[in-house]
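Have a look at the structure below before the remarks.
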Amino acid sequence: MGFCGGLNLAPGTAERCLAALRRSARGLSATVAAEYDLAACEDAIAAQDSRAALAFDGRLDNRDALLRHLGLAASTDTGALLLAAYHRWGRDCFTHLIGDYACAVWDRDQRAFYLATDPGALRTLFFWTDRGRLLFATEQRGLFACPEVPREIDPDQMAAWVSMLPREPLRTFFRGINRVPPGHCVRWAAGEFALERWWQPENLPTLRLPRDADYEDALREALDEAVRARIRPGERIGSNLSGGLDSSSVTALAAGELATQGRDLTAFTAAPRHAQPASRNRFTDEWPYAAEVAALYPNIEHVRIDNDAEPLLDALDLREAGNDWPVLNAVNNVWVTGIYREARRRRLDVMLQGAMGNMTISYDGNQLLEGRLRSGHLLGALRTAIDMRRGGGRSWLSIAGQAADGVLPAPLRRHLRAAFGKNEIEHSDYTAIRPDFLRRSGLAERARELGGTLGNLTRGDSRALRLAVLDRSDQRGHSAMATRRLFGIDVRDPTSDRRVIELCLSIPDEQFARGGVPRSLVRGAMRGLVPDAVLDERRKGLQAADWRVGFQAALPDLRAEVARLRNSPFASECLDLDRMDALLDAWPGVENTSEKANTEYRCAFSRALTAGRFIRRIEGGNA
């Protein structure tokens, strides 16, 4: 599953790495020469000609356009097409490729490797270099098959992850192991490597269209094209269908396209078995909204999965077997695992999702007021505030609070909030890292600045905010790769299609909050395709709303897990194990739905738990 390769490696290294990557005995292909190693297995490809060799793992969505541009026959295989693209454009070829992919190219004349990934972050690529040697693989387990590659955790990167801070783009959790960040290219030659960002969305011009409806049409057309690109002949297609705008839009468009082909779609919705109270801003059962979407399309089979489909730690055990990275969210992993288990039982090949929609198709436009204030556009800021009051239903007090957040220095903002009894969330509230470990990492001030939201670092720049979220989406690639490995299912996300991302970044902010209505653009674009009940719902759905039931059932095992972590030298140094034990002792029960309990257990405890289990696994501890 994927590819590997390198230069100046010991005999047999590529074969060992490839064996670690393989999921089955299907489709082995390899290209090996005296000057380099390059091998691919299963769905990945390897190809070579007299001037270059390459390996490619992923999906090429603009194949037909590339064939026309390069003057190639329709029968040209993907390997030959990619080689032709490299010969035409060189390292710039990656700007011409659309799809989810990781790619490695060996240029014989330059004696250089180029390693690249697309911006969508659903394919991963890692490399290790030492004393003139290079080894790369689409999963870290491929690198670790080489005995010379160390498996030593990088404490600074672990500190950043436990603290929910953005991490350095190149670095992983392991010393000496680097990743190719989404939308980047690494050039390796003569024992040295250099990182370049070939995708530069910050330079996109603002799109100006005559009418509001034109923006809606453009979004709908781009998303529809992205959905169609992810549906291939002969594949059995599923979708993750929540009650929200993103997955509803993806599912509706996929169902429509499949219906034209006489094919069905299986949509999965996670829902609570135990009723939970809704709030002013949240609804807790997404099934009714998802069911309305499914009812619009006769070719949708709608499948319900319980949020507590299996025990919390059992679900973690399974996911960790496929992950080379800590699991992001222990609670959500339960229903996610339940969905993929059922999808595998139904022999599905593909799962569509809308995970990046919040930063693309359904961006809420909430940075508009702050951005106008900070740029000095006071009249525009006043109009925005009035719209937020009239169309968005916001109170003047909350609008004033948001405005103050955008322009006041952080210390003054915190002081004013405290004076009104609205204390900001502190870093120690949502993480369980040892304070002395955080100080030694040099990240303590950065964690305080973040304050639990990237908006504190981007300060009104909506494009910077969305790109910051995209840049920290490395977990998505690990999760997608693990899903392929564990369940044989390819995760595809039309909302992270490069064309969709670029369109949404170029659309003016006011289109996303037109009339003060957050997410107004997608609401208008999908009218008639998604039920009005979904489009007009202003509240957000709450995933795993009854998570406390499964957490309470796991309490004895969670206590045992923390006890095991005390046997780990690094976990004891990194994590506040006393606080984790104290939280378990103070467990408030399943009836407590307070935000404080949510922050302490679903965020602080759960992330420390998954970090600790990852640490123990790397250390080899089983006690």
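Enumerate the pairs (first residue in the stretch 269-285 and more than 22 Å from E342 (Cβ to Cβ); second residue anywhere and of a type in the set (F, W, Y) and surrounded by 13 or more Cβ atoms within 10 Å (Cβ to Cβ)) with beta-carbon separation below 9 Å, excluding pairs fewer than 6 apart on the same chain, so at least 6 apart or on different chains.
Within 9 Å, the pairs are F283/Y289.
Report, by residue number, each residue of the stretch 12-53 that is farther than 20 Å from A482 by Cβ, among the charged types (D, E, K, R) and either open to solvent by less than 50 Å² (accessible area, probe 1.4 Å) or modelled with pLDDT under 90 (or both).
Scanning the stretch 12-53 gives E15, E35, D37.
If you take the residues of the stretch 297-315 that are touching a Gly at 6+ places or on another chain (Cβ under 8 Å), open to solvent by less than 50 Å² (accessible area, probe 1.4 Å) and not in a strand (DSSP E or B), which of them is nearest to P326 (Cα to Cα)?
In this case the residue turns out to be A315.
Which one is farthest from G120 (Cα to Cα) among residues in the stretch 162-208 that are in a helix (DSSP H, G or I) and open to solvent by 20 Å² or more (accessible area, probe 1.4 Å)?
Kept after step one, since they are in a helix (DSSP H, G or I), are these residues of the stretch 162-208: 162, 201-203.
With open to solvent by 20 Å² or more (accessible area, probe 1.4 Å) added as a condition, the list becomes 202-203.
Values: E202: 16, N203: 18 Å.
Ranking the qualifying residues of the stretch 162-208, first place goes to N203.
Restricted to the stretch 378-399, and to residues that are in a helix (DSSP H, G or I) and charged (D, E, K, R), which residue is most open to solvent (accessible area, probe 1.4 Å)?
Here is the first cut: in the stretch 378-399, the ones in a helix (DSSP H, G or I) are 378-390, 396-399.
Those left that are additionally charged (D, E, K, R): 383, 387, 389-390.
Numbers: R383: 117, D387: 62, R389: 103, R390: 199 Å².
So, considering only residues that are in a helix (DSSP H, G or I) and charged (D, E, K, R), the one most open to solvent (accessible area, probe 1.4 Å) is R390.
Could you tell me which numbered condition R602 fails, if it satisfies all but one of (1) open to solvent by 40 Å² or more (accessible area, probe 1.4 Å); (2) of a type in the set (K, R); (3) modelled with pLDDT under 95?
(1)
If you go through the stretch 505-526, how many residues are open to solvent by 20 Å² or more (accessible area, probe 1.4 Å) and closer than 19 Å to S242 by Cβ?
Qualifying residue count, the stretch 505-526: 2.
Taking the stretch 120-136 as the search range and keeping residues that are in a loop (DSSP other than H, G, I, E, B) and surrounded by 23 or more Cβ atoms within 10 Å (Cβ to Cβ), which one is modelled with the lowest pLDDT?
Going through the stretch 120-136, the residues in a loop (DSSP other than H, G, I, E, B) turn out to be 120-125, 131-132.
Filter once more, so that each one left must be surrounded by 23 or more Cβ atoms within 10 Å (Cβ to Cβ): 120-125.
On the way: G120: 93, A121: 89, L122: 94, R123: 95, T124: 96, L125: 97.
It comes out as A121.
Conditions first: (1) charged (D, E, K, R); (2) open to solvent by 20 Å² or more (accessible area, probe 1.4 Å); (3) modelled with pLDDT under 95. E502 passes all but one, so which condition is the exception?
(3)
Report every pair of residues separated by at least 6 positions or lying on different chains whose Cβ atoms are under 9 Å apart, first residue within the stretch 360-377 and surrounded by 23 or more Cβ atoms within 10 Å (Cβ to Cβ), second aromatic (F, W, Y).
S362/F512; Y363/F512; G365/F512; L368/F512
Being farther than 19 Å from S496 by Cβ and of a type in the set (D, E, K, R) is true for just one of E310, E225. Which residue is that?
Values: E225 fails: farther than 19 Å from S496 by Cβ.
Criteria check complete, one pass: E310.
So, in the stretch 213-227, of the ones that are in contact (Cβ under 8 Å) with a residue 24 or more places away in the chain and surrounded by fewer than 15 Cβ atoms within 10 Å (Cβ to Cβ), which residue ends up nearest to the chain's Cα centre (by Cα)? Talk me through it step by step, then tell me what you get.
Within the stretch 213-227, the subset in contact (Cβ under 8 Å) with a residue 24 or more places away in the chain is 213, 215-220, 222-227.
After this cut, where a residue has to be surrounded by fewer than 15 Cβ atoms within 10 Å (Cβ to Cβ) as well, the list is 213, 217.
Working: A213: 30, D217: 26 Å.
Across the stretch 213-227, the extreme among qualifying residues is D217.
When the residues of the stretch 400-424 are filtered to those that are modelled with pLDDT of 75 or more and open to solvent by 50 Å² or more (accessible area, probe 1.4 Å), which remaining residue is nearest to S462 (Cα to Cα)?
Just the residues of the stretch 400-424 that are modelled with pLDDT of 75 or more, to begin with: 400-404, 407.
Keeping just the survivors that are open to solvent by 50 Å² or more (accessible area, probe 1.4 Å) gives 400, 407.
Working: A400: 19, V407: 15 Å.
Result: V407.
From (1) open to solvent by 10 Å² or more (accessible area, probe 1.4 Å); (2) touching a Cys at 6+ places or on another chain (Cβ under 9 Å); (3) farther than 30 Å from E15 by Cα, pick out the condition that doesn't hold for M158.
(1)
Determine the pairs where a residue that is closer than 21 Å to W199 by Cα and assigned to a strand (DSSP E or B), located within the stretch 105-117, has a partner that is open to solvent by 10 Å² or more (accessible area, probe 1.4 Å) and among the small types (G, A, S) with Cβ atoms under 6 Å apart, the partner being 6 or more residues away or on another chain.
Going by the 6 Å Cβ cut-off, the qualifying pairs are A112/A189.
Name the helices (runs of 4 or more DSSP H) wholly inside the stretch 465-551 in which the number of residues that are hydrophobic (A, V, I, L, M, F, W, C), under 24 Å from the mean Cα position of the chain (by Cα) and within 30 Å of A321 (Cβ to Cβ) is 1 or more.
474-487
Pick from the stretch 521-540 the residues that are out of contact with any strand residue (DSSP E or B) (no Cβ under 8 Å at 6 or more places or on another chain) and aliphatic (A, V, I, L, M): which of them is farthest from P277 (Cα to Cα)? Don't jump to the end; show me each part of the working.
Start the filter on the stretch 521-540 by keeping residues that are out of contact with any strand residue (DSSP E or B) (no Cβ under 8 Å at 6 or more places or on another chain), which leaves 521-534, 536, 538.
From the residues that got through so far, the ones that are aliphatic (A, V, I, L, M) too are 521-522, 525-526, 529-530, 533-534.
On the way: L521: 30, V522: 28, A525: 31, M526: 29, L529: 29, V530: 26, A533: 19, V534: 19 Å.
Ranking the candidates gives A525 first.
Report the residue count in the stretch 555-588 for those that are open to solvent by 80 Å² or more (accessible area, probe 1.4 Å), farther than 28 Å from D154 by Cβ and out of contact with any helix residue (DSSP H, G or I) (no Cβ under 6 Å at 6 or more places or on another chain).
Final tally of qualifying residues: 2.
Considering only residues of the stretch 605-623 that are surrounded by fewer than 19 Cβ atoms within 10 Å (Cβ to Cβ) and aliphatic (A, V, I, L, M), which is modelled with the lowest pLDDT?
Step by step, filter the stretch 605-623, then rank; the result is A623.
Given L253, L223, L245, which one is at pLDDT 95 or above and over 24 Å from D471 (Cβ atoms)?
Numbers: L223 fails: over 24 Å from D471 (Cβ atoms); L245 fails: over 24 Å from D471 (Cβ atoms).
It is L253.
Take the residues in the stretch 245-292 that are assigned to a strand (DSSP E or B) and of a type in the set (S, T, Y), then tell me which one is farthest from R538 (Cα to Cα).
Quick first cut of the stretch 245-292, residues assigned to a strand (DSSP E or B) only: 265-271, 282-283.
Adding the requirement that they be of a type in the set (S, T, Y) leaves 266, 269.
Numbers: T266: 27, T269: 20 Å.
Of everything passing the filter in the stretch 245-292, T266 is farthest from R538 (Cα to Cα).
The values are calculated or read from the model by the stated rules, or taken from the named source; none is laboratory data. Small disclaimer: the values here were computed from a predicted structure and weren't measured. Please note: Cβ atoms are built from the backbone with ideal geometry, for glycine as well, and neighbour counts cover all protein chains shown. Remember, those area values only see protein heavy atoms, side chains included, never the ligands or the DNA or RNA. Shrake-Rupley method; radii C 1.70, N 1.55, O 1.52, S 1.80 Å.
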